[in-house]
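No value in this document is a laboratory result; all are computed from the given coordinates. A quick note: this is a predicted structure, and the numbers were derived from the prediction, not measured. When we count neighbours, we look across all protein chains shown, and the Cβ atoms used for this are built from the backbone with ideal geometry, even at glycine.
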Amino acid sequence: MIKIFKSNRLSRLATLLSSQLDVSAKRDPFYAPSIVVPNLDTARWLQLTLAEEMGFAGNLNFMLPAEWQWKQVRKLYPDLPDKLPSDPEPIKWAIFEVLINEQEIKSFTMLSRFIRSQPPEMREEAAIQLAQQLALLFDQYLIYRPDMIIRWQNGDIGEGDEKWQARLWNILDKRWKAMRSNNLSLNKAELYRETLNSLNRGELKIDGPVYIFNPGLVAEPIVRMIANTGKQADLYICLVQPAEGIVEEDHPLIASLGREAQSIMQLYDIPGSVTVSDFSVENTLSHLEQIQNSIISNESSINIDVQNGNVTGVEIHSCHTPLREIETLHNSLMRLFENDDSLHPDDILVMTPDLKIYQSAIHAVFGSREEGLPEIPYHIGSTVFTGQNGLLRAFLHLLTLPESRYSFSAVMDFFMMEPVRTHFRVSESEASTLKSWMEQNNVYWGLDEAHRAEWGQPAEYLQTWQSALERGWLGQWIGAEEGETVGDTLLFSGVRTVSDQNTWAYFSNFLRQLGILRDEAKSKRSCLEWVDRIEKWPELFFPEESLQTADGLAIMRALDSLRESCGLAAGRTAIGYPTVRKEIENKLDQQASGTAVFTRGVAFSTMVPVRSIPSKVIALIGLNEGTFPRKPTSPDFDLMLQYPRPTDRNRKNEDRNLFLESILAAQKIHYCSFIGRSPVDNEPVPPSPILSDWIDFLSKASGLKTEKLVQNEPLTGFSPAAFVNGKSYSKLCYEVSRKIVEPLPFSSGLKTGNPLPSVNAPEFITIQDLVSFYSNPARTFLRNSFDAYLRDADEEKDEFSLSNLDRHLLFEKVFGWVLNGISDKKMNSMLLKSGILPAGWPGERILQDMEESVNATIQQIRDKGFTPGQHREELSVLIGDFTLTGSIQSYADQRFLDVNLSAKSGKSLIQSWIKYLFYSAHSDRKDDESYLLCEAKTGDPKWIRFEKPQNPQELLKKMVELYRDGLLLPEKFFPKTLYEYESNMPDEEKAFKKAKETFEGTGNRHSYPERDDLNITFLMGEDASFDSGFVTESYREIMQQMMKHTGEIK
C-alpha cells in the first residue's frame, strides 16, 4: 500500500507521521523504522518534533534518499565496499589519468585543445580541474540518467557532446571491469538496474513500513525504486505542498515561485497510491498570515488592509554591506525580543545563499558583548573547524611551506604555533628568544644558497637560515664573544646557556625537517605515493597526542579519503606537489560543513539544507542580484542541461521554491535583507529577482509603494539616521552618533581616562628601559600596555637597507674594528657573511658611509685630546627600593664619552644624560664630567659636556618615579619639544613658538615634526597641536636639571 500525505505545513505532516509510527510501534515495539529525509537538518527537527508528539522518539533510523537507495543495493550485494570506483572522487582521478596521457587525450579533440592551450606549468592543474568537472557530470548522470549510462555501455553513444562523453565513460568502465571480475566491477548505474529488477521480481526483501518525509525533488530513479517498495511493504510519503491544487497557477506567488512544487507533484504521482490531504488556514491576525492563507487557497488575488502603513509580519531591509545586514538583523531581533516575551532564540532561523560571506560578521556582531545588552546565543550551521590547539591551522600552514621561499615570517610564524613548538620542546618565551636570535642574524628568506637559486635569484648564502645556523653553531663550539670571527665569518654569541643551546638544537632539527619537505616537494610522484609521504609529515612537526584530537582525526580522514579514491582509480601517473596539496585542502574544507542546530540559539544556515522547517522568525539575508537565485555552474556540454527533464533539479526553480516555502514556514515574522546601496556612493542596487517579485506582490496587495515596504538602513550602526528613523539598542553606537551630531570638538588618537591597572613594580629596572622611555614615552606606554610595536618607515628592516637600530649596532662594531686595525676588505667580508649588510653594491655603500662616520668620530675624539677606545661596563646601582642595572659603553679611555650619529636635540641629550647619571651614581666613579659627541661626520660636530650633579641617585629616583607613572598612563613628555621650550625661556612667547615648531613642524620639507612619530600619532591623533598642557612641571624639572649641568664646548 502506498499512502501519500499532503499538507501545507511541515508540523502537520509530522503529526500525521507520528500517528503512523505509533501504530507500527504497537505491532512491534523493537522495530526501528526507516525514515527517509532530505537532509540532516530535517532529521534533527523531526526527531525533536516527534519527541514532543509521542513523548519519546528513540530507535528511529533517519537516512537520506541516496543512502536509502544504496541500502537496498547492498542488500543484493552485501560485499560492496563503502566507496566504489564509480563514485565522484575515484572517477575524477580515473579521468585525470586519461587527460594527462598524451596518447589517450588525442582522441578527445576538445579536451586536448583545452589542456594544450594552457601554459606547460599549468596543464596539470587544468587537467585536474577538468577531471573534477567531468566527474561531477558523470555522477549526476549516474543519479539522474542511469538509463543513458547503460545505453552507452550497449554501444548507443549518440552524437555531438554525448558521443565523446560516452567514449570517455566506456574507457573508464572497461578499466574498472579489467581490475575486478566479479560483481564488484559493476558501476552504480548497473547496480541500480540490477537492484530495481530484483525488487520488481519480488526477490529483494523490504523490512517493515517505509516512511518518506518531505523528500523534495529527488532523482526520478530513486522515486521509481521507492514506488516499487510499495508493492511489498507499506509506504508512507509525506509531502509539503503550498496549495491543495496548483495545476492552475492562480496565485501570483505560486505562478512565479512554485515551478518546483509542480515538478514534485508530477514526480510523486504514483499509480495506485492513496492521497490524504490536510490543508488548513490560520486565523487571520497578521498580514503575513493573510498572505499564507491566500497561497494555501490558491487565490488569484489578495487585498491587504494596511492602516498603519506597515505590512505586519513582513520586514524587508536594504543595507550597504554584509556587516550592516547582520547589525540590522541583530537590532531587529532585540526589538522582537523586547515586544514578545514568548520569543526564544531557538525560534529563529536565519538563512543565506552563501554563509561564508557572513561568518566573520556574524561572529563580530553576535559574538561581541556590550554592557547593558543581553547576549543572543547563536549557532552557525556550516563553519570551519575551530582548531583544537591550532592543529588544523598549523597543518594547513605546513602544506604551503614546501612551495614557499621559506621567508622569515612564514617559518617563524609556523614554528611559534603551539603544536609545533610543543613538539620541539620549546616554550613560548624560548620561541620568542629564538625569533630574536634569527632577527639578529638577519635572516630574510631561503634555506640556503641552492634554495635561492631555485627561485631564479643569485645563489647567495648570506641571510639564509643555513647561514644563521652556521654562525650560531660556530659561536657555541668556540665560545665566541661579541665581534669574534673565524676566518671571515662573524660568530654569533647570543647562545650562552645550556638551555639556550638546547633551544638552538631543537630549532636546527626543525629547519632540517623543513629541508626534507622541500626536497620531497620538488619531485613528482603518484597520488598514492604522495599521500603515504604526507601522512608522515604531522609526526615530524606535531605532538603525537594532538593527532588524536578532532583536528588530527580530520587530517587523517582527509588523507585516507584521498588514498582510497586514488587507489580505486588505479592512478599511477606522477603528479606535482601543488596538485595534491590543493586536493588535501579541498578535502579538509569539505569536512568543515555542519548542520543547523535548533536548540542552541539563533540558527544560521545555508538555504539548501533547511526546507519548510517552521520557525516563529525566518530571516533570509544576502538576497542580492547575481547571488540569488544561484546561477547554474554546469558547463555547456552538460547533457542534462542540453536535454532537461521536468523532474530534474533546477537551481533557479529550487531557490524560488525555497523562498515560497520560507513564506509559508514563518509563523510570526518573515524577514529579508539585501545589499541595496553602494557603500561607496550610496547609489541604489537592485535586489534579487526573487525578492523583487516578493516586493511587487506586497506592493500590489497592500497598495503601498516600494519605498514604504523596504526600510533603507543607514550606512553604519552609529549613523545619526539609525537613531532618528528607528530604535537602536547599542549605547556604544549612540555615544558615537551623538558625538557626530553634537557640535563638540573632535580629536583623533587614543582617549585615556583612568590609569591602567597597576601591577607590582619590578625590583630591577634596566638603564636601557629608562633611556628608551625618556626618548619616547608614547612608544614605551604602547609596548608595555598593549604589546604594540609601531615602526616608522626608517625603522623597518628589509633585505636591502638597515633600520636605525641596525645602524647603531653596526657603528659599534665598525668603531671597534677600525681601532683594532681590521682592514676594509676583511670588515666587508665579515659583515657580509654575518648577514648584517645587504649583498652587493647596497651593502658596500652602507659600509663605506659607516666607515666615514667612524673615521670622522675617531678623528674628532683625538682632536679633543682623548684616546679613542671601546669600553662596555655592566653596572648595578641601588636607588631607593629598586635596583637600576644595565650596561653602558664609552668611546674613550680617559672619561665616559658617548657618541650619537644623529643631530643634537633634546632627545639625544637626555639619552646621554641618563647614561651619565647612571655611570656617575656608581660608588666607584670619581669623574666630575662626561662628554657627548653629535654629528661627527657633518663637518660641524657638536661637543656636549655634562657636569656631575651633587646627587645623581636622587635625580635618577625622580626619573624612575615618572617612568613608573608612564607605564600606566601616557605622559605628554616630548624631549625635543620640551628642550626647545626650556632653551628659549624666560621669553615665554618665543619658547612657546619654538616648542610649537618643533612639535608641529615649520612646513619646510626638511623639518621633522616630533608629532609625526607613529607612536605619538597613535596616541595624540593625526596633526595634533602643541598646547601648554605639554609643559608639565615634573618633566620641566628633569629637563632643567639636565640643562643646568650641560654645556656645549667648541
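By other beta-carbon atoms within 10 Å, ranking 716, 328, 195, 706 with the fewest at the front produces 706, 716, 195, 328. Does anyone have the angle between helix 651-665 and the longest principal axis of the chain? Alpha-carbon axes, 0 to 90°, nearest 10? It works out to around 90 degrees. Both radii were evaluated on the Cα set of region 255-325; the Rg over Rh quotient, with Rh as the Kirkwood radius, amounts to 1.12. For the chain, the antiparallel share of DSSP beta bridges with both residues in that region comes to about 35%.
Against the chain, whose longest principal axis is taken from its Cα atoms, helix 220-229 shows a tilt of about 50°. The smallest convex shape that holds all Cα atoms of region 941-1024, its convex hull, gives 150 Å³ per residue. Considering only alpha-carbon pairs that sit under 8 angstrom and 6 or more positions apart, the relative contact order computed for the chain is 13 percent. For the residue pairs 3/587; 163/522; 435/904; 668/705; 524/652, the C-alpha atoms sit more than 32 angstrom apart in 3/587; 163/522; 435/904; 524/652. When 319, 733, 566 are sorted by how many other C-beta atoms sit within 10 angstrom of their C-beta, beginning with the fewest, the order is 733, 319, 566.
What is the mean projected area of the alpha carbon convex hull for region 388-591, to one decimal in square nanometres?
Across all orientations, region 388-591 yields a mean hull projection of 12.2 nm².
Counting other Cβ atoms within 10 Å of each Cβ, which GluC sites (Glu not before Pro) in region 93-159 have at most 11 and sit in a DSSP loop?
Numbers: sites: 97, 102, 104, 121, 124, 125, 159; in loops: 159.
Answer in residue order: 159.
Just to confirm a number: summing +1 for Lys and Arg and -1 for Asp and Glu over residues other than residue 156 whose beta-carbon lies under 14 angstrom from that of residue 156, what do you get? Overall, the nearby charge balance is +1. Taking other residues whose beta carbon is less than 14 angstrom from the beta carbon of residue 375, and scoring Lys, Arg as +1 and Asp, Glu as -1, yields 0. Projecting the Cα atoms of 983, 390, 970 onto the charge dipole of the chain, computed from C-beta unit charges around the Cα centre, puts 390 farthest toward the positive end.
For the peptides 989-1000, 871-882, what is the packing order when you average, over each peptide's residues, the other Cβ atoms within 10 Å and list the highest mean first?
Numbers: 989-1000: 18.2, 871-882: 13.2.
The packing order, highest mean first, is 989-1000, 871-882.
Listing 516, 212 from fewest to most neighbouring C-beta atoms within 10 Å gives 516, 212. In terms of overall dimensions, the C-alpha atoms belonging to region 1-124 reach 66, 35, 27 Å along their principal axes, ordered largest to smallest. When you filter the chymotrypsin sites (Phe, Trp or Tyr not before Pro) in region 506-535 for DSSP loop state and at most 10 other Cβ atoms inside 10 Å of their Cβ, nothing is left. In terms of Cα atoms, the Rg and Dmax of the chain work out to 38.1, 118 Å.
Scan region 105-193 for trypsin sites (Lys or Arg not before Pro) in coil per DSSP, keeping those whose Cβ has at most 11 other Cβ atoms within 10 Å, and list them by number. The partial results should precede the final answer.
Values: sites: 106, 113, 116, 123, 151, 163, 167, 174, 175, 177, 180, 188, 193; in loops: 106, 180.
When the trypsin sites (Lys or Arg not before Pro) of region 105-193 are filtered for loop state and at most 11 Cβ neighbours within 10 Å, 106, 180 remain.
With r defined as the distance between the Cβ atoms of residue 19 and residue 177 and R0 fixed at 56 Å, what FRET efficiency is calculated, to the nearest 0.05? Here the calculated transfer efficiency is 0.70.
Go ahead and estimate [θ] at 222 nm for the chain from helices alone: -39,500 (n - 2.57) per DSSP H run with n ≥ 4, summed, over the residue count, rounded to 500. Kindly include the intermediate steps, with their values, before the conclusion.
Values: 44 runs with 518 residues, N = 1050.
Estimated from H runs of four or more residues: -15000 deg cm²/dmol.
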